[in-house]
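The values are calculated or read from the model by the stated rules, or taken from the named source; none is laboratory data. These numbers come from a predicted model, not from an experiment. Every residue, glycine as well, gets a Cβ built from its backbone with ideal geometry; the counts of neighbours run over all protein chains shown. To get the accessible areas, we keep the full protein, side chains included, count just its heavy atoms, and leave off ligands, DNA and RNA. Shrake-Rupley method; radii C 1.70, N 1.55, O 1.52, S 1.80 Å.
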Amino acid sequence: MGKIEFIKDGLEMARNYTDGLFAKFQNADEWVHQPHPQANHALWCAGHLAATDDFAISLLAPDQVSPREGYKELFGGGSTPVADAAKYPSPAEILDYLKERRAALIGVLAGLSEADLSKPTPDDAPDFMPTVEAVFRIVTWHEGLHAGQASIAHRSLGKAPVMG
C-alpha cells in the first residue's frame, strides 16, 4: 500500500467512526448537549470538522474551496460553542457539508502523486502543516480529537458506546 492509499484509508476510517457517532444524536437538545459548560458539543464538532476540511482544501487546492456563510464564526478555531441549537444551521445541513467537504478533500488527495506529498504548503499555512502530507496527517488526527469530544457528549447522555 502506498502513502496515498494509506492516507485515504485513515481519512475514511476516521470519518466512518465520526459518521456513526453523529448518527446517534437524535434531537436538538442532544446535538448541543455539553457535559461541561465549556465542552464542545457534537453539533459544533461536526461543523468544525467540515470547516477544517475546507481549510485543508484551501491550502492544497484553493480553487476547490467552498466556505459556508457564517461557518468561520460559528465553527472556526477560537469559536465558542453555545448550547442553543437555534444559533446554528440544522444538523442535516452541517452533516451534508461535512460529507461534501470530506469527499472533496479525498478528491484532492486522489489527484496527488507520492512525490507531491513532500511539497511544502503555502507560506500562510500553520507551522504544524509544513508539507502536503502533514496537512492530511493533521486532518486525520484532528478528527480523532473532536470525535472523542463528541463521544463524551454522547456517553454523558447515557448512550451506549458506538464501538464495542
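Going by what's in this entry, would residue 10 be described as modelled with pLDDT of 95 or more, closer than 28 Å to residue 123 by Cβ and not in a loop (DSSP other than H, G, I, E, B)?
On the way: modelled with pLDDT of 95 or more: yes; closer than 28 Å to residue 123 by Cβ: yes; not in a loop (DSSP other than H, G, I, E, B): yes.
Yes; evaluated as a whole, the condition is true for this residue.
Quick check, is residue 46 buried (at least 21 other Cβ atoms within 10 Å of the Cβ) and in contact (Cβ under 8 Å) with a residue 24 or more places away in the chain? I'd like the intermediate steps shown before the answer.
Working: buried (at least 21 other Cβ atoms within 10 Å of the Cβ): yes; in contact (Cβ under 8 Å) with a residue 24 or more places away in the chain: yes.
So residue 46 fits the description; yes.
Mind listing whichever residues of region 13-36 are assigned to a loop (DSSP other than H, G, I, E, B), farther than 15 Å from residue 91 by Cβ, touching a residue at least 12 places away in the same chain (Cβ under 8 Å) and open to solvent by 50 Å² or more (accessible area, probe 1.4 Å)?
Hit for region 13-36 is 35, nothing else.
Can you give me the number of residues within region 102-122 that are under 21 Å from the mean Cα position of the chain (by Cα) and charged (D, E, K, R)?
1
For region 147-164, does any single residue satisfy the condition of being under 17 Å from the mean Cα position of the chain (by Cα), open to solvent by 40 Å² or more (accessible area, probe 1.4 Å) and at pLDDT 95 or above?
yes
With respect to residue 143, is the statement that it is surrounded by 19 or more Cβ atoms within 10 Å (Cβ to Cβ) and either in contact (Cβ under 8 Å) with a residue 12 or more places away in the chain or β-branched (Val, Ile, Thr) (or both) true? Walk me through how you get there before you give the answer.
Details: surrounded by 19 or more Cβ atoms within 10 Å (Cβ to Cβ): yes; either in contact (Cβ under 8 Å) with a residue 12 or more places away in the chain or β-branched (Val, Ile, Thr) (or both): yes.
Answer is yes for this residue.
Within region 49-74, can you find the residues that are more than 16 Å from the chain's Cα centre (by Cα) and surrounded by fewer than 16 Cβ atoms within 10 Å (Cβ to Cβ)?
62, 63, 64, 69, 70
Can you go through 88, 97 and tell me which one is touching a helix residue (DSSP H, G or I) at 6+ places or on another chain (Cβ under 6 Å), of a type in the set (Phe, Trp, Tyr), open to solvent by 20 Å² or more (accessible area, probe 1.4 Å) and under 28 Å from residue 157 (Cα atoms)?
88
Give the number of residues within region 115-137 that are open to solvent by 40 Å² or more (accessible area, probe 1.4 Å) and either under 24 Å from residue 47 (Cα atoms) or in a loop (DSSP other than H, G, I, E, B) (or both).
9
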